[in-house]
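**Student:** I have a structure here, written as structure tokens, and I will follow up with some questions on it.
The values are calculated or read from the model by the stated rules, or taken from the named source; none is laboratory data. Because the structure is predicted, anything quoted here is derived from the model rather than measured. So basically every Cβ, Gly included, is an ideal-geometry build from the backbone, and we count neighbours across all protein chains shown.
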Amino acid sequence: MGAIERHEDLDKVLISQQEIKEAVVNMGQRITRDYAGRSPVFICILKGAVMFFTDLLRQVALPLMTDFMAISSYGNSTKTSGVVRILKDLDHDVLGKDVLVVEDIVDSGLTLSYIKKVLWERGARSVRLVTLLDKPQRRRVELEVDYVCFQIPNEFVVGYGLDYKEHYRNLPYVGVLHPRFYQEESDVPGL
Ligand code: 5GP
């Protein structure tokens, strides 16, 4: 399993370190082929996508640029309104650029559909979505996710950048947090 043994707060490990590594290499090669001859901008959605973003970019052989965006999900109200507040905006203009948005997990789809709309409005030439994890059963809006490493069932996962109340981001694998650690069910999407 790697340097860190299975964390005792987890119910199970869903995706091992090795599986993530292989998927990230494949994804990097695929994006390299698809964007040959172009210089895309990779946008990391902070903070959950950080591990995936930095590992993925090292597998992409293109003259790429990076930028970062942080958003607030407004807790449960986001689930109904679909409105996402931008806490940290991009440093650079995306006008005329080929943009790839890199996310940790797509759940309802509201976050990425909002970000995609904003980037189109700002005049990006193309916008594609890349995610490590996808929970397709939970989708609330129609959203085309162009690059998905893993489809997962409707369980709350942590690790490899994903947190529960800022913990567990450093686990090198993706695991299902044991339900006894949820303080309130409303804290956790999908439960
Ligand atoms: P969406 O807008 O697609 O509903 O939400 C995406 C966001 O919800 C993710 O960026 C993440 O912050 C959060 N999220 C959804 N499912 C999970 C999960 O299983 N684990 C964690 N840690 N966050 C999740």
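**Student:** Which condition from (1) within 14 Å of the ligand (Cβ to nearest atom); (2) touching a Ser or Thr at 6+ places or on another chain (Cβ under 9 Å) is the one that GLY161 breaks?
**Tutor:** That leaves (2) as the condition not met.
**Student:** When VAL24 is evaluated against the numbered criteria (1) part of a helix (DSSP H, G or I); (2) out of contact with any Asp or Glu (no Cβ under 8 Å at 6 or more places or on another chain), which criterion, by number, is the only one it fails?
**Tutor:** Of the numbered conditions (1) part of a helix (DSSP H, G or I); (2) out of contact with any Asp or Glu (no Cβ under 8 Å at 6 or more places or on another chain), the odd one out for VAL24 is (2).
**Student:** Among the residues of region 37-57, what is the count of those that are assigned to a loop (DSSP other than H, G, I, E, B), surrounded by fewer than 17 Cβ atoms within 10 Å (Cβ to Cβ) and within 12 Å of the ligand (Cβ to nearest atom)?
**Tutor:** Kept after step one, since they are assigned to a loop (DSSP other than H, G, I, E, B), are these residues of region 37-57: 37-40, 47-49.
Of the ones still in play, those that are also surrounded by fewer than 17 Cβ atoms within 10 Å (Cβ to Cβ) are 37-39, 47.
Remaining after also requiring within 12 Å of the ligand (Cβ to nearest atom): 47.
Residues flagged as assigned to a loop (DSSP other than H, G, I, E, B), surrounded by fewer than 17 Cβ atoms within 10 Å (Cβ to Cβ) and within 12 Å of the ligand (Cβ to nearest atom) within region 37-57 amount to 1.
**Student:** Restricting to region 126-150, and then to whatever is polar (S, T, N, Q) and within 23 Å of GLU19 (Cα to Cα), can you tell me which residue is modelled with the lowest pLDDT? Explain how you work it out, then say what you get.
**Tutor:** Within region 126-150, the first condition is being polar (S, T, N, Q), and the residues that meet it are 126, 131, 137.
Now narrow it down to the ones that are within 23 Å of GLU19 (Cα to Cα): 131, 137.
Working: THR131: 98, GLN137: 93.
In this case the residue turns out to be GLN137.
**Student:** What number of residues in region 156-191 are modelled with pLDDT under 90 and among the charged types (D, E, K, R)?
**Tutor:** 4
**Student:** Follow-up question, since we're still on this one. Quick test for you: out of ASP163, ASP134, pick the one residue that is out of contact with any strand residue (DSSP E or B) (no Cβ under 9 Å at 6 or more places or on another chain) and surrounded by 14 or more Cβ atoms within 10 Å (Cβ to Cβ).
**Tutor:** ASP163
**Student:** Inside region 129-158, can you point out the residues that are within 12 Å of the ligand (Cβ to nearest atom) and in contact with a Phe, Trp or Tyr (Cβ under 6 Å, 6 or more places away or on another chain)?
**Tutor:** LEU132, LEU133, VAL158
**Student:** Contact list please: Cβ distance under 9 Å, first residue in region 102-120 and touching a residue at least 60 places away in the same chain (Cβ under 8 Å) and under 16 Å from LEU162 (Cα atoms), second residue more than 9 Å from the ligand (Cβ to nearest atom) and part of a helix (DSSP H, G or I), pairs at least six apart or on different chains.
**Tutor:** Going by the 9 Å Cβ cut-off, the qualifying pairs are VAL102/PHE52; VAL102/PHE53; VAL102/LEU56; VAL102/LEU57.
**Student:** Collect the residues in region 83-119 that are in a loop (DSSP other than H, G, I, E, B), within 16 Å of the ligand (Cβ to nearest atom), over 23 Å from ILE20 (Cα atoms) and within 17 Å of the chain's Cα centre (by Cα), keeping them in residue-number order.
**Tutor:** Correct list: VAL84 only.
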